[in-house]
Every structure is written in C-alpha cells, then in structure tokens.
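Visitor: Below is the structure I would like to discuss, written out as structure tokens.
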Amino acid sequence: MSLAQWTKVDAYFNGLLAPSDPDLDAALEHSAASGLPPHQVAPNQGKLLQLLARIQGARTVLEIGTLGGYSTIWLARALPEDGRLISLEADPECAEVARANVARAGLGNVVEIRTGPALDSLPRLAEEGVGPFDVVFIDADKPNNPGYLEWALRLTRPGSLIIGDNVVRDGAVADSESTDPKVRGVRRFTELIAEEPRLTATAIQTVGEKGYDGFALALVTG
Ligand SMILES: C[S@@+](CC[C@H](N)C(=O)[O-])C[C@H]1O[C@@H](n2cnc3c(N)ncnc32)[C@H](O)[C@@H]1O
C-alpha cells in the first residue's frame, strides 16, 4: 500500500460522497495563492467533521487552528442559520485569508475568526461567558494540545464532542522515547483524555491523500 493508492481511493470516495464545490475550490485556491501551506483536512475528513457536527445537532462549534478556513467551511455548513462557529488562529495572514474564504462561502454571519495565540484567546472566551460549545475541533500547534484539552473541557458541557486531529503522526505517537514536541504533545493529550473521568474517548488511525495519521474523539460525559 502506498500514498498513491490511498490518494486514488480518497479521490473515488470524495468524488461520490464528499464532492467539492466552487466555494471549497475557491478557498483552497485562494489559500494556495496566498502562500498558505496545504495543511487543511482532506475533503472526506472535512465531511466527517461536518457529519459529526450534524450528528451532535451542533449549534455552536469552537475550532482551534483555522489556516485558510477550509475545515471551518465544512463545519459551519453543519450549523443552523443562527449557529455560531468561533475559530482561533495565531497567524494574522491566515486569519485574513480565512475570513475572505468564509465570506465567499456565505458563512460570514455564522463564523467569527479570532486572531492571536489560542491559549490567549481561550481564557477570553471563558471571561466573556461564550459557550458551552457543542463541538470543539483541535487542529493547531500540537505541543499545546494538553492546554487546548483543558480549555475545551472548561468550554463544553456533558454531551459535547471534542475532536483532536493529527494524533498519529506517521505512527510516532506509539514511541514513548520520542523527543519530538509534537509527538509529546499528542501523547500527553491522549494520556490526559484517558485520565479524565469526564471523558469517554477513542482514537482512530487513518490513511489517505494526507498520508498516515488519525483523529481522537472524546465525548464529554460529566
Ligand atoms: C493544521 S493547520 C489548521 C488546518 C485547518 N483546521 C483546516 O483543516 O483547514 C494549523 C493552524 O494552526 C495555527 N496555529 C499554530 N499555532 C497556533 C496557536 N498557538 N494558536 C492558534 N493557532 C495556531 C497555524 O497558524 C495553522 O494555521
């Protein structure tokens, strides 16, 4: 099995089940033309996020790590007209590109993108009394995942879903000796989830056009 094979299978499923459209295409094109790295979720992963938000009956979503707003668009499309999605992005240029992409997709009234390090923005959300969020999607700098989990717990309620992206890291997550800060971040994140009595969770390995990685899914139970 190879990346070429996984990409071919992704293309097959995406064509049938997660087809693109002019707004998603434009978001990817504008992001690439603005020099953003292609670190967005794959189309079938975006659709998975959207389905999870719909299954949740989500009205509010918190995203940590916006990039060009590609996953933001998939998630925001799961929300009702009076729904709200807040996305946190450290890089002002990414945030600007994402705002334009979200507006083009007709989601400017649902989505708010806040610029700055997420660990600065999250306490402000709590101070403002924003939330609880029905879904939290964590997809920013992995070394800070433990901190993001702590804030996700403060900003959710029993029944909320917390999703962590890129938790497999080409399999390195299983290496207890790893000194890579990203690997250590996702390992600590997973351990904290396991220790947390208010969460029940699993993690799934994935292959596809984005390579070998995976998601963690945690339901807030108490
Ligand atoms: C993997 S990309 C997000 C991809 C996006 N969720 C998607 O699928 O379309 C990670 C993003 O997190 C942002 N980021 C990195 N460190 C951050 C931090 N401390 N606070 C907020 N955002 C951060 C990066 O600038 C980058 O845009």
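Visitor: Once you have a ≥ b ≥ c as the square roots of the Cα gyration tensor eigenvalues for the chain, tell me rounded if a/c is under 1.5, and otherwise prolate or oblate according to whether a/b is larger than b/c.
Guide: Numbers: a/c = 1.41, a/b = 1.05, b/c = 1.35.
Rounded, because the longest to shortest axis ratio a/c is under 1.5.
Visitor: Right, next: Give the calculated FRET efficiency between Ala26 and Val130 to the nearest 0.05, with a Förster radius of 35 Å applied to their Cβ-Cβ distance.
Guide: On the way: r = 29 Å, r/R0 = 0.83.
After rounding, the FRET efficiency stands at 0.75.
Visitor: How about segment 85-194: which GluC sites (Glu not before Pro) there lie in a loop by DSSP and see at most 16 other Cβ atoms within 10 Å? Present the calculation step by step, with values, prior to reporting the outcome.
Guide: Values: sites: Glu89, Glu93, Glu96, Glu112, Glu127, Glu128, Glu150, Glu177, Glu191; in loops: Glu177.
Loop-located and lightly packed - Glu177.
Visitor: Find which of Gly69, Ser20, Thr156 sits farthest along the positive direction of the dipole of segment 3-220, computed with +1 on the beta-carbon of Lys and Arg, -1 on that of Asp and Glu, about the Cα centre.
Guide: The listed residue farthest towards the positive side: Thr156.
Visitor: Return the distance in nm (one decimal) between the two label points of a simple spin-label model at Ser34 and Ala11, each offset 7 Å from Cα along Cα→Cβ.
Guide: 2.8 nm
Visitor: Just need the relative contact order of the chain here, percent rounded to a whole number, with Cα pairs under 8 Å and 6+ apart.
Guide: On the way: 419 pairs, mean separation 41.7, N = 222.
The normalised contact order for the chain reaches 19 percent.
Visitor: Identify which of Ala33, Ala95, Ala140 has the largest mean-square fluctuation in a Gaussian network model of the chain, with springs joining Cα atoms closer than 10 Å.
Guide: Top of the fluctuation ranking is Ala33.
Visitor: Please give the Cα centre distance for segment 132-153 versus segment 54-112, rounded to the nearest Å.
Guide: Each part reduced to its Cα centre gives a spacing of 16 Å.
Visitor: Over all directions, what mean area does the Cα convex hull of segment 125-184 project, stated in square nanometres?
Guide: On the way: hull surface 18.4 nm².
So the Cα hull casts an average projection of 4.6 nm².
Visitor: About the Cα centre, and with charges only on the beta carbon of Lys, Arg (+1) and Asp, Glu (-1), how big is the dipole of segment 3-220? Nearest 20 debye, please.
Guide: On the way: 20 positive and 30 negative charges, 93 e Å.
Computed charge dipole of segment 3-220: roughly 440 debye.
Visitor: Please give the calculated 222 nm ellipticity per residue for the chain, where each DSSP H segment of at least 4 residues contributes -39500 (n - 2.57) and the sum is spread over every residue; nearest 500 deg cm²/dmol?
Guide: Rounded to the nearest 500, it is -13500 deg cm²/dmol.
Every number here is computed from the coordinates shown, using simple stated rules; none is lab data. The model shown is predicted, which means the values in this text are computed figures rather than measured ones. Neighbour counts run over all protein chains shown; Cβ positions are idealised from the backbone, glycine included.
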